[in-house]
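What follows is one structure encoded as structure tokens, with my remarks underneath.
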Amino acid sequence: MTLALTVKEVTDERLGHCALLENEGIEIMVTLDYGPRIVSVHREGEPNLIYNNSTPELQRNHGHKMRITLEKSTNPVYCDDLPVRYIPLSDGVSFVQTLTEPAQLELTMDIVFSTDIGSFMVVHGAMNKSLEDIKLSIYTETPFCNEGFVFIPQSNIHEKEKPSRVLTLFDNAGWNDKRLFIGNQYVTVNGNVLETEDNGEYQLVDADLYAPRLKIGVNNTAGFCGYLLNGHSLIKRYVHNRNALYPFNSCSAFATANDGYLSIQNTGPFYITGPGESARHIESWIFAEYPEKVRPRCEDEIDAFINSI
């Protein structure tokens, strides 16, 4: 099947100069004045699931983005405030930004379409442009609208008499946060507080009643995670290498409830890159609809949905 890919430059009132990619009913918009940031992604006739703040001063905090964690750094580094150049590929587009501080790296975010309608790959890369070895990990964040929920499976590797499931809670978060659900198979985070009603159903309450940021990490050996909202979902698949070293307590997936939006972060393991060598973190993004209601605290419903994709 031949790809029907078109790429054109557009100007958004809030986001500035952008590249608009269209292929088989999928539309993706990527920033060019800074980034690259994936600020819009949806199928024709469906809502954009990526969250963007409408406040001009905060808009660059949002959209799907990548960061780099260096060996000696405790947090992902690199701002993406510089202009982006893009290179057409046979099956997609490569977005490139060259950074010089604190290490000399060329960062790339390639969007690659396949013949499977409803899915595409986002390939994040970091090439070492210096003359010395650099140890790094690639970190990504994808923000979503506050009304839905994000989910991450717990480890599916079980060894007798050995711990297999890792949960990491970041500062200022609490295990008793009502937005957080920890089951036997999944961890889910809501953008709003959940309260139990008499009939066993859950009611959403304004998240402002529970202001602190919630962030939890999981050693996601299953290698998928996702976001669900009103019958629409975006599922991300990647590879978790359980024999590799990861920056944050062996966790490769994180769910966060921020002020007004949800997000999923993924991180690759540490790579030692020599001069001219590259590290990559690849995510496969899949759109899927679910006809029946999937509740954030019903693991059987989440499991049935994932198995149907």
Report task. Could you work out how far apart the two model spin labels at ASN172 and GLU159 are, taking each label as a point 7 Å from the Cα in the direction of the beta carbon, and quote it in nm? Result -> 3.6 nm
Query raised in the report: What are the residues whose amide H is under 5 Å from the amide H of LYS135, where those residues sit 5 or more places off or on another chain and H is modelled from the backbone?
Result: GLU71, THR273
Query raised in the report: Which trypsin sites (Lys or Arg not before Pro) in the range 247-299 pass both tests, a DSSP loop state and at most 11 other beta-carbon atoms within 10 Å?
Result: LYS293
Report task. Tell me which residues come under 5 Å, amide H to amide H, from GLU24 once H is placed; ignore anything under 5 positions away on its chain. Result -> ALA4
Report summary line: Which residues qualify? For LEU214, with a placed amide H closer than 5 Å and at least 5 residues away or on another chain, they are ALA257
Requested in this report: For LYS65, go through the aspartates and glutamates and keep the ones whose alpha-carbon is under 16 Å away, minus same-chain ones fewer than eight residues off.
Outcome: ASP33, ASP80, ASP81, GLU106, ASP110, GLU141, GLU283
Query raised in the report: Per the Cauchy relation, a quarter of the hull surface: what is the mean projected area of the convex hull of the alpha carbons in the range 6-308, in nm²?
Result: 16.9 nm²
Report task. Rank THR31, THR142, THR98 by mean-square fluctuation in a GNM of the chain with C-alpha springs under 10 angstrom and give only the top-ranked residue. Result -> THR98
**Report entry** Kirkwood Rh in Å, taken over the range 61-188 so that all alpha-carbon pairs contribute
**Finding:** 18.1 Å
Query - Difference of contour (0.36 nm per residue) and Cα-Cα distance, ASN243 to ASP116 - result: 42.6 nm
Query raised in the report: Magnitude of the Cβ-charge dipole of the range 6-308, K/R +1 and D/E -1, about the Cα centre, nearest 20 debye?
Result: 900 debye
Query raised in the report: Quick one: if you take sqrt(5λ) for each eigenvalue of the C-alpha gyration tensor of the range 217-266, what semi-axes come out, biggest first, whole angstrom?
Result: 22, 14, 6
Report task. Determine ³J(HN,Hα), in whole Hz, for all residues of the range 234-245 in sequence, where each value follows from phi through the Karplus function 6.51 cos²θ - 1.76 cosθ + 1.60 and θ = phi - 60°; x replaces Gly and Pro. Result -> 10, 9, 10, 10, 7, 9, 9, 9, 6, 9, 9, 8
Query - Per-residue ³J(HN,Hα) for the range 293-298, Karplus 6.51 cos²θ - 1.76 cosθ + 1.60, θ = phi - 60°, Hz, x for Gly and Pro - result: 5, 10, 8, x, 10, 10
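Since every read-out is calculated from the coordinates, none of them should be taken as a lab result. Owing to the predicted nature of the structure, the values given are computational and were not obtained by experimental measurement. Note that we place each Cβ from the backbone using ideal geometry, even for glycine, and neighbour counts take in every protein chain shown.
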